[in-house]
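Asker: Input: one structure, supplied below.
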Amino acid sequence: MHPITRHLFASALLGLLVAVSAHAQLKSGNAGRGLGVPSVPAPESPAAAASAPAAPEGAAISPDDERLTAGRLAAAGWLTLLDRRDWGTAWETSAAVFRKNVPLDRWMDGIPKVRGEVGSLQDRQPEAMNLRTDMPGQPKGEYVSIVFRSQFAQKTLEEVVTTTREADGRWRVTGYTAQ
């Protein structure tokens, strides 16, 4: 196997392990919260994804809800970049650990192949979300994994996006799989 192919495979396998772990957690009985998440249409711009919806007047928002919302919005904004085929910006705005594990040249070679087969986005709905403080193969931290059911022109995919809060307080994508 060619060294680049082997490294791409290893990077993809690492991402898959993180996503499968997150997906399994989302499917477990512990993950029921978040299943009634309202529809999240693809935002018009990544900036639109950064503004969280306001809570009803007088409603208290728990810290978990704030983190789930922030993680979901970061994931939706990042997916918008993929939908627009803005691969470079998606990579640049991902978490440091993502960029370390998936170098830009491999990202730019691989992601267009994955997304090119499905056509344009028709609809995307979140199906489940989960908040964790640990992820296999990742440093301790705050992680929000979101499963989206995404209808594209040629295919429906289940996209699992995992976000993390980085040291600067911003939520960024640290894992992505589509199947």
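Asker: Within segment 122-144, how many residues are of a type outside the set (A, V, I, L, M) and closer than 11 Å to R67 by Cα?
Answerer: From segment 122-144, those of a type outside the set (A, V, I, L, M) are 122-127, 130, 132-134, 136-143; that's our starting set.
Checking the rest, the ones that are also closer than 11 Å to R67 by Cα come to 130, 132, 142-143.
Final tally of qualifying residues: 4.
Asker: If the Cβ limit is 9 Å and pairs must be 6+ apart or interchain, which residue in segment 79-97 that is closer than 20 Å to F148 by Cα pairs with which residue that is part of a loop (DSSP other than H, G, I, E, B) and of a type in the set (A, V, I, L, M)?
Answerer: From residues that are closer than 20 Å to F148 by Cα, the pairs are L79/A42; T80/A42; D83/A42; W91/V102; S94/V102.
Asker: Are any residues in segment 162-179 in contact with a Ser or Thr (Cβ under 7 Å, 6 or more places away or on another chain) and closer than 20 Å to P112 by Cβ, and if so, which ones? Walk me through how you get there before you give the answer.
Answerer: Filtering segment 162-179 down to residues in contact with a Ser or Thr (Cβ under 7 Å, 6 or more places away or on another chain) leaves 162-164, 171-175.
Once the filter is applied, which keeps residues that are in contact with a Ser or Thr (Cβ under 7 Å, 6 or more places away or on another chain) and closer than 20 Å to P112 by Cβ, segment 162-179 yields V173, G175.
Asker: With the requirement that a residue be under 23 Å from D64 (Cα atoms) and surrounded by 12 or more Cβ atoms within 10 Å (Cβ to Cβ), what does segment 150-170 give you?
Answerer: Residues of segment 150-170 under 23 Å from D64 (Cα atoms): 159-170.
Matches in segment 150-170: E159, V160, V161, T162, T163, T164, R165, E166, R170.
Quick note: the coordinates plus some simple rules give every number you see, no bench work behind them. Since we're looking at a predicted model, the values are computed, not measured. We place every Cβ from the backbone using ideal geometry, glycine too, and count neighbours over all the protein chains shown.
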